[in-house]
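Enquirer: Mind looking over this structure? Questions follow.
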Amino acid sequence: MDYFSKDEKFGENKVIRLKIWDTAGQEQFRSLTKNFFRNSDGAILVFDVSNRYSFEKVQEWMESVLLNSNENTKIVLVGNKIDLEREVSTKEGKAFAEKHKLSYFETSAKENIGIVEMIRKLTAEVMEVKKNIFPQETFSVEKKIKKKYFPTCDC
C-alpha cells in the first residue's frame, strides 16, 4: 500500500492537500480500505484497460466504497494503461460510469496522460459538495486555529 500527498491549486487562492492511499486493488488490504473510505471525500476507482479481470472487479470495489463511505463521497472511474493493447473498450468504461453516475477518465500513468485532468475534476467535485454542505464557510483554516487557541483574539 502506498501513500501520497499532493497539494493541488484550486481556484485563484486556494490550495487543497490531497491525501491519496493506493491499495492497487490488492485483496490483502481490503479490510484496511474500509477505514479509509469512512473518512474520504473522494475515491478513484482504477482498472487496467489491458486486463478485463481488473474491470470486472470495479463493481466490487465501488460497492465497498459506497457501503463504507459517507453519502457525499465523490467517486471517479479511471481506465488506466491506455498505452497498452486493450481488453476493455472506452465504450464499456463510459457505459459503466454512466450507469453509476460517475465521471470517467482514461489515463496512462506511464505516459502521464489524463492524470492531471482527472485529479482536478475529482477535486472540483469534492469542493462543490463541501461548498453546498458548508455554504457559510468563508473564513480560513488559520483563523479557526487562532480562535480555538486564542478565544479572545478577534483576528
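The values are calculated or read from the model by the stated rules, or taken from the named source; none is laboratory data. In this text, all values refer to a predicted model and were calculated from it rather than measured experimentally. Neighbour counts run over all protein chains shown; Cβ positions are idealised from the backbone, glycine included.
Enquirer: It is to be established whether one or more residues within segment 81-103 are among the polar types (S, T, N, Q), touching a Phe, Trp or Tyr at 6+ places or on another chain (Cβ under 6 Å) and assigned to a loop (DSSP other than H, G, I, E, B).
Expert: So far as segment 81-103 goes, no, none of its residues is among the polar types (S, T, N, Q), touching a Phe, Trp or Tyr at 6+ places or on another chain (Cβ under 6 Å) and assigned to a loop (DSSP other than H, G, I, E, B).
Enquirer: Also, quick follow-up: Step by step: first the residues of segment 38-50, then only those that are out of contact with any strand residue (DSSP E or B) (no Cβ under 8 Å at 6 or more places or on another chain) and at pLDDT below 90, then the one that is surrounded by the most Cβ atoms within 10 Å (Cβ to Cβ). Which residue is that?
Expert: Among them, the one singled out is S40.
Enquirer: A follow-up question, please. For E111, only one of the following conditions fails: (1) surrounded by 12 or more Cβ atoms within 10 Å (Cβ to Cβ); (2) part of a loop (DSSP other than H, G, I, E, B). What is its number?
Expert: Failed condition: (1).
Enquirer: Would you confirm whether or not segment 51-65 contains a residue that is buried (at least 19 other Cβ atoms within 10 Å of the Cβ), touching a strand residue (DSSP E or B) at 6+ places or on another chain (Cβ under 9 Å), at pLDDT 85 or above and not hydrophobic (A, V, I, L, M, F, W, C)?
Expert: Yes: segment 51-65 contains one or more residues that are buried (at least 19 other Cβ atoms within 10 Å of the Cβ), touching a strand residue (DSSP E or B) at 6+ places or on another chain (Cβ under 9 Å), at pLDDT 85 or above and not hydrophobic (A, V, I, L, M, F, W, C).
Enquirer: If I ask for residues that are over 20 Å from Y53 (Cβ atoms), among the aliphatic types (A, V, I, L, M) and modelled with pLDDT under 95, which ones from segment 103-149 would you list?
Expert: I115, V116, M118, I119, L122, A124, V126, M127, V129, I133, V141, I145
Enquirer: Collect the residues in segment 71-120 that are in contact with a helix residue (DSSP H, G or I) (Cβ under 7 Å, 6 or more places away or on another chain) and aliphatic (A, V, I, L, M), keeping them in residue-number order.
Expert: I75, V76, L77, V78, V88, A109 - these are the residues of segment 71-120 that are in contact with a helix residue (DSSP H, G or I) (Cβ under 7 Å, 6 or more places away or on another chain) and aliphatic (A, V, I, L, M).
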